[in-house]
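The values are calculated or read from the model by the stated rules, or taken from the named source; none is laboratory data. Just so you know, these numbers come straight off a predicted model, no measurement behind them. Neighbour counts are summed over all protein chains in view; Cβ atoms, including those assigned to glycine, are modelled from backbone coordinates with ideal geometry.
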Amino acid sequence: MSINPINDLRPDILLIPITTKPGPLRVPLTQPHSATGLKETSYAKCESLGPVHKTRLKKRIGRVSQEQIVHIENGVRKVLGL
């Protein structure tokens, strides 16, 4: 979720984990599995926004659309009370 200029300067990034378990603050990733790279229906865990060191990232498996990003951003706003 952190922006690329910050990602380039910091050793860690801000991300939202993905799970296969639905929940009240979780955003369904509704794109086809071929687009997301995920093997099953998944959800963005907006309540678990946090930093992760870049060395823990292995490879990109897919992407979410800009439309999905907007839904995830709204989920984060709910969690943070914004």
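What the table below lists for this structure:
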| quantity | calculated |
| --- | --- |
| Index of the failed condition, Leu25 passing every other in (1) modelled with pLDDT under 85; (2) more than 19 Å from Ser2 (Cβ to Cβ); (3) not basic (Lys, Arg) | (1) |
| Residue satisfying condition, being over 12 Å from the mean Cα position of the chain (by Cα) and not acidic (Asp, Glu), within set Arg26, Arg10 | Arg10 |
| Flag if Arg60 is under 13 Å from the mean Cα position of the chain (by Cα), of a type in the set (Lys, Arg) and under 27 Å from Leu82 (Cβ atoms) | no |
| Residues of segment 57-69 classified as within 19 Å of Pro11 (Cα to Cα) and without any contact (Cβ under 8 Å) to a residue 12 or more places away in the chain, total | 2 |
| Residue in segment 17-24 that is surrounded by 11 or more Cβ atoms within 10 Å (Cβ to Cβ), β-branched (Val, Ile, Thr) and touching a strand residue (DSSP E or B) at 6+ places or on another chain (Cβ under 7 Å) present | yes |
| Any hit, segment 33-45, residues being under 22 Å from Ile6 (Cα atoms), out of contact with any strand residue (DSSP E or B) (no Cβ under 7 Å at 6 or more places or on another chain) and charged (D, E, K, R) | no |
| Close pairs (9 angstrom Cβ cut-off, 6 or more residues apart or separate chains): over 24 Å from Leu80 (Cβ atoms) in segment 37-56, part of a strand (DSSP E or B) anywhere | Leu38/Ile18; Leu38/Leu29; Thr41/Pro28; Thr41/Leu29 |
| Hits in segment 61-77 - residues which are closer than 20 Å to Gly23 by Cα and in contact with a helix residue (DSSP H, G or I) (Cβ under 7 Å, 6 or more places away or on another chain) | Val64, Ile72, Gly75, Val76 |
| Candidate set: segment 28-62, residues that are among the polar types (S, T, N, Q) and at pLDDT 90 or above; chosen: the one surrounded by the fewest Cβ atoms within 10 Å (Cβ to Cβ) | Thr55 |
| Residues satisfying the stated conditions in segment 63-78, i.e. of a type in the set (S, T, N, Q) and surrounded by fewer than 14 Cβ atoms within 10 Å (Cβ to Cβ) | Ser65, Gln66, Asn74 |
